[in-house]
Every structure is written in structure tokens, then in C-alpha cells.
1. Scan segment 271-282 residue by residue and report those that are part of a helix (DSSP H, G or I) and surrounded by fewer than 20 Cβ atoms within 10 Å (Cβ to Cβ).
2. Which of the strands (runs of 3 or more DSSP E) found entirely inside segment 129-195 contain at least 1 residues meeting this: of a type in the set (G, A, S), touching a strand residue (DSSP E or B) at 6+ places or on another chain (Cβ under 6 Å) and at pLDDT 95 or above?
3. Among (1) of a type outside the set (S, T, Y); (2) crowded, with 24+ Cβ neighbours inside 10 Å; (3) touching a Ser or Thr at 6+ places or on another chain (Cβ under 9 Å), which single condition is V84 missing?
4. What is the one condition in (1) more than 10 Å from ligand 1 (Cβ to nearest atom); (2) touching a residue at least 60 places away in the same chain (Cβ under 8 Å) that E371 does not satisfy?
5. For segment 144-151, state whether one or more residues are surrounded by fewer than 21 Cβ atoms within 10 Å (Cβ to Cβ), of a type in the set (V, I, T) and out of contact with any helix residue (DSSP H, G or I) (no Cβ under 7 Å at 6 or more places or on another chain).
6. Out of segment 350-380, which residues are farther than 17 Å from S98 by Cβ and more than 15 Å from ligand 2 (Cβ to nearest atom)?
7. Identify the residue in segment 215-225 that is in contact (Cβ under 8 Å) with a residue 60 or more places away in the chain and crowded, with 23+ Cβ neighbours inside 10 Å and, among all such residues, is farthest from M168 (Cα to Cα).
8. From G242, G257, G253, which residue is within 16 Å of ligand 2 (Cβ to nearest atom), farther than 24 Å from L89 by Cβ, modelled with pLDDT of 95 or more and buried (at least 16 other Cβ atoms within 10 Å of the Cβ)?
Amino acid sequence: MPGSVYTPTDYFQIDDLLTDDHKIIRSAIRDWVDRSVKPVIEQACQEHKFPVYLLQEMGELGMFGPFIPEKYGGAGLDQISYGVIMTELERGDSGVRSAASVQSSLVMYPIFSFGSEDQRMKYLPGLASGKMIGAFGLTEPNHGSDPGSMITRIKDMGDHYLLNGAKMWITNSSICDIAVVWAKDDEDIIRGLIVERGMEGFTAPETHNKWSLRASVTGELVFDNVKVPKENIFPAIQGLKGPLMCLNSARYGIAWGAIGAAMDCYDTALRYAKERSQFNKPIAAFQLTQKKLAEMVTEITKAQLLAWRLGVLKNEDRATPSQISMAKRNNVNMALEIARESRQILGAMGITGDFPIMRHMMNLESVITYEGTHDIHLLITGHDITGFEAFHQ
Ligand code: TGC
Ligand code: FAD
């Protein structure tokens, strides 16, 4: 089994920058990924099926909302702990990391940060344990990169809101117990609210035929005159900055996560290159293979340093949205390039499910699009350094 001999990359002794606690957490998640994800994930992807039972195990091991205080069922850990968890999960599969990103950053984070005390106590412990699964509805069929133009609406009906509209490309849609949904109110202000499975008029059909993130549930959230109790609205946030603050947390996690996928590809390619001979030499002895591998380890190292520094800033509450955008953009692109180069090193073997590379590569095509596309993050950096925004004409 190729994954079981995995050797993590640490070319610049970045482990010295981690605490013992970070390393203990990482080792626990790494063991779980080797034990519970690696043996089943290839077949799950081939069958286009998310192994839903993993969610309960992830909850039991504290992978959901690790930065949420213990009072609400979280682990009260720092941001670097969250990062190392995401790296290990994405080494397993981006789909497994996606489930954790959504649950932790896009559902638990807003309930903790913007929710009432009643909402926190009602939902967070169940979400932390994995007994309750969440989804996050921002994107709409006609509003992806530009979520501020959303048309999903809530209408104040006195004792409740009436929710109408549709969200698309939603991770965990058909398996969610609750969805954090963003909609415009009667004054055109974006509000966040919690919609529960079973509310009349709420359906969540799954999207099929994906070539990417096949071991992850993606689908729609459709609201047809859904009566949402007034106590389900977030009292403490209004405007587009609400969902964007959630994205800051998720994008941060992805900046760490993508390193896991990259390290798995690099490790697989390095081992294969040493073992595979052509022209009476291991292919690792050819300069062109060495160029590929040397560039990979260089890019992984740069990404690790970026993620670690961002984690320090995030722990100090000093990480800016544009720093997070830069790290998400760089690290996901780095992982995708490494997956492509690793696939080349394996030749024909690289296209098979006997190795994890093609699966990572296909997954990363989604990761480079969701949570803000590669180009949107470039424009966020452009805006930050020049002062001119180039999103609108
Ligand atoms: P703009 O006018 O720039 O901003 C509106 C208000 O928001 C504030 N803001 C932020 N606040 C916190 N964090 C950020 N990152 C923020 N970015 C902007 C801003 O200061 C302003 O506040 P205020 O008080 O003045 O109103 O908004 P815009 O309409 O021009 O759009 C900006 C843009 C393009 C950067 C943004 O909309 C964007 O990031 N678009 C990409 C959309 C996106 O990332 N969607 C992700 C959907 S969720 C998902 O993909 C989950 S995948 C899950 C998985 O499986 O892992
Ligand atoms: P568009 O916005 O239509 O963009 C298409 C192309 O145009 C892109 O290349 C983009 O960079 C470019 N473009 C757009 N605007 C500009 C501009 N101003 N300047 C230059 N180029 C521009 N969303 C959720 O809300 N919740 C989820 O859980 C979720 N999970 C997802 C899971 C998967 C597997 C996928 C694939 C997506 C998911 N998304 C989710 C949606 C994701 O966030 C959007 O796909 C993403 O934001 C891009 O939107 P879009 O696909 O509509 O592309």
C-alpha cells in the first residue's frame, strides 16, 4: 500500500517551530488518516461516494472546531493546531479536509462568533462531536465570485422569516442537519441564519457526475417559502463581511491543507523515482527528474513557512484577509503543480488508482476554485497593494 510508507517533508526543520502539543495532535491525526482514510479513500472516490461514517470518528477525535472553546464542545486549541490537522487530513484526501473545513470554519465559527448564547449551546456541542453535520450556503447558481449580488431573500413575517432562493455547489448539502445560509433581508442587507433539515420547503439535492472531490458530498440548498424562526438569525453580524469572515478561517485552513496533498504526491513520486529504472538507471538519477523533485521540495518548504507564519499572525489576531488570500492561492497552486509533476514522474502508473496522485490532482482542481478562485485571490492581493479594486468594471 503506497501510503503506508509515507515520509513527511521537513527540509527546513520547521518542526522546531512547532510545540510538543502540535506534534502530538499531528501524530494522532496522521495515525487516524493512515488507519481510517488511506485504506478506503481510493475506492470511495472511484465509487463517487463519501464515507459518511468518517465524520463521527472525526468528531470523536476532536477534528471539528478545534479552535472553539471547550465550553461549547471544541478543543480550545490554537490556530497552528487547526493548521496541522488540516494538513494531515488533506494528505488523506481533499474531500475529507473539505468536510472538516465546512464544519469547523464555515458552520461552527459563525455560530460561535455571530450567534446568540442559545444558538451556541444548541448547535456547537453536536457539531463538535460529529453527531450533527453542517453546510454553508453562500454561492448561488448565478453568483459565485460575486456573492454580494445574491438573490436569496428573507422576508420578515412578524413572528418568523420566510426564506426563498437557492444555493449551489454546497459541500455536505444532502447530509447536513443544519445549514448556515446567507440571504438578503427587506433592507437588502445580507444576514446569516440557521436552517434545519426537516423545515418545510427546504430540500438539498446532491450534484452527481463530478470528476473532482468524488469522496465529498456536493449539492444544492433549495428554499421554497421556508418558515425560519426568528431565533435562528445571527444577531451579531450584518453585511457581506459576515460570510467573508468565515471564509478567512476556511481559506487559512486550506493554505495548510494543500501542503498535505502536495507532500503525499511528492513523497510518492520520490519513492517511485528511486525504485523505477529505465536505461539501466533509476529515473531519480536523471537530471530532469531531479529538477522536478528539487523544485517540488523547494515549493513545499516555501508553502510550509508561509502557512506557519500565517498561523503565528492568526494566533495573535493579526492575519489580514489579503495575507490569507495570498497563502491560499500560493499553496493550492503549489499543490496542484506538484500533483501534475508527480503524475509525470510516475508515467502511466500515475494515472491509476494504485497511487494517490491523480486523485489529489483532480481534487485540487476544485480546491483552486472554491473558497475564492485563483484569480479572485490575485485580485485581492492586487487591491491590497495598489489600493485600486479590479473586481468591478
Ligand atoms: P467588498 O465591497 O470588497 O466587501 C464587502 C464588505 O466585506 C468586507 N470584506 C471582508 N471582511 C472580512 N474578511 C474579508 N476577507 C473581507 N473581504 C471584504 C469589506 O471590508 C466590506 O465591508 P463593509 O463594512 O465596508 O461593508 O465586496 P465585493 O462585493 O467587492 O467582493 C469582494 C470579493 C470578490 C473579494 C469577495 O466577494 C470574494 O471573496 N469572492 C469570492 C467568493 C468566495 O470565496 N466564495 C466562497 C464560497 S464558500 C466555499 O467555497 C466553500 S468550499 C468548502 C469546502 O468544501 O472546503
Ligand atoms: P464564477 O464566479 O462564475 O467564475 C468563473 C471564472 O471567472 C473564474 O475563473 C473566475 O476567477 C473568473 N472571474 C469571476 N469574476 C472575475 C473578475 N472580477 N475578474 C476576473 N476574473 C473573474 N460555495 C458555498 O457557498 N458553499 C460550499 O460549501 C461550497 N462548496 C463547494 C464545493 C465544490 C466542490 C465546488 C467546486 C465549489 C463549492 N462552492 C461552495 C462554490 C465555490 O465557492 C464557487 O465555485 C467559487 O466561488 C467560484 O464561483 P463560480 O463557480 O460561480 O465561478
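The values are calculated or read from the model by the stated rules, or taken from the named source; none is laboratory data. Note that the coordinates shown come from a computational prediction; the quantities given were computed from them, not determined experimentally. As a convention, Cβ positions derive from the backbone with ideal geometry for all residues, glycine included, and neighbour counts pool all protein chains shown.
1. Going through segment 271-282, the residues part of a helix (DSSP H, G or I) turn out to be 271-275.
Correct list: R271, K274, E275.
2. 134-137, 160-171, 178-184
3. (3)
4. (1)
5. yes
6. Answer for segment 350-380, where residues must be farther than 17 Å from S98 by Cβ and more than 15 Å from ligand 2 (Cβ to nearest atom): G350, I351, T352, G353, D354, F355, I357, M358.
7. Our first condition is that a residue be in contact (Cβ under 8 Å) with a residue 60 or more places away in the chain; within segment 215-225, this holds for 215-217, 221, 223-225.
Now narrow it down to the ones that are crowded, with 23+ Cβ neighbours inside 10 Å: 215-217, 221, 223.
Numbers: A215: 18, S216: 15, V217: 12, L221: 7, F223: 12 Å.
Once the filter is applied, the top-ranked residue is A215.
8. So the residue among G242, G257, G253 that is within 16 Å of ligand 2 (Cβ to nearest atom), farther than 24 Å from L89 by Cβ, modelled with pLDDT of 95 or more and buried (at least 16 other Cβ atoms within 10 Å of the Cβ) is G242.
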